[in-house]
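Each value in this text was obtained by applying a stated rule to the coordinates, not by laboratory testing. Source: prediction; values computed, not measured. For neighbour counting, all protein chains shown are included, and Cβ atoms are generated from backbone atoms with ideal geometry for every residue, glycine included.
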Amino acid sequence: MDEIVKVVRDYVTREYLEEGDEREITETTPLISGGIVDSFSMVSLLRFLEKKYSIHIPDAAATPDAFDTVQSIAALVRRFQKAEV
C-alpha cells in the first residue's frame with residue numbers, strides 16, 4: 001500500500017470515526033459525501049497534510065471532490081509534492 005494512502009486512511013480512521021464505529025475506510029470510501037468528513041474536518045485534514053508533507057495546498061484546490069476519498073486526497077498530496085520540488 002502506498003505510504004500516503006496509508007497515512008491518510010489511518011488519520012481519517014483515528015480522527016473521524018467514533019469508538020466502536022465498524023466502518024472500514026478504503027481508498028474509495030466516500031468521506032465527504034458519506035458523512036465521515038465535514039467541512040471543519042476537511043480543514044484540519046488539510047492542515048495535517050500540509051504539515052506532514054511540507055506542502056501548501058491552495059484553497060482553490062481544496063475542494064470537496066478532492067477530499068472525498070483517500071485516493072483523491074493522496075493524488076492531491078502527490079500533485080503538490082511535485083509542485084514544491
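Quick rundown of the values:
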{"quantity": "Among the residues listed as 13, 28, the single one being under 16 Å from residue 75 (Cα atoms), touching a residue at least 12 places away in the same chain (Cβ under 8 Å) and of a type outside the set (D, E, K, R)", "calculated": "28"}
{"quantity": "Check on residue 57, free of Cβ contacts under 8 Å to residues at least 40 places away in the same chain and either outside any helix (DSSP H, G or I) or buried (at least 17 other Cβ atoms within 10 Å of the Cβ) (or both)", "calculated": "yes"}
{"quantity": "Matching option when the condition is loosely packed, with under 15 Cβ neighbours inside 10 Å and among the acidic types (Asp, Glu), among 27, 50, 15", "calculated": "15"}
{"quantity": "Residues satisfying the stated conditions in region 13-27, i.e. part of a loop (DSSP other than H, G, I, E, B) and under 16 Å from residue 42 (Cα atoms)", "calculated": "17, 25"}
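Okay, residues lined up against (1) touching a residue at least 60 places away in the same chain (Cβ under 8 Å); (2) out of contact with any Ser or Thr (no Cβ under 6 Å at 6 or more places or on another chain):
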{"residue": "24", "(1), (2)": "no, yes"}
{"residue": "32", "(1), (2)": "no, yes"}
{"residue": "52", "(1), (2)": "no, yes"}
{"residue": "62", "(1), (2)": "no, yes"}
{"residue": "69", "(1), (2)": "no, no"}
{"residue": "73", "(1), (2)": "yes, yes"}
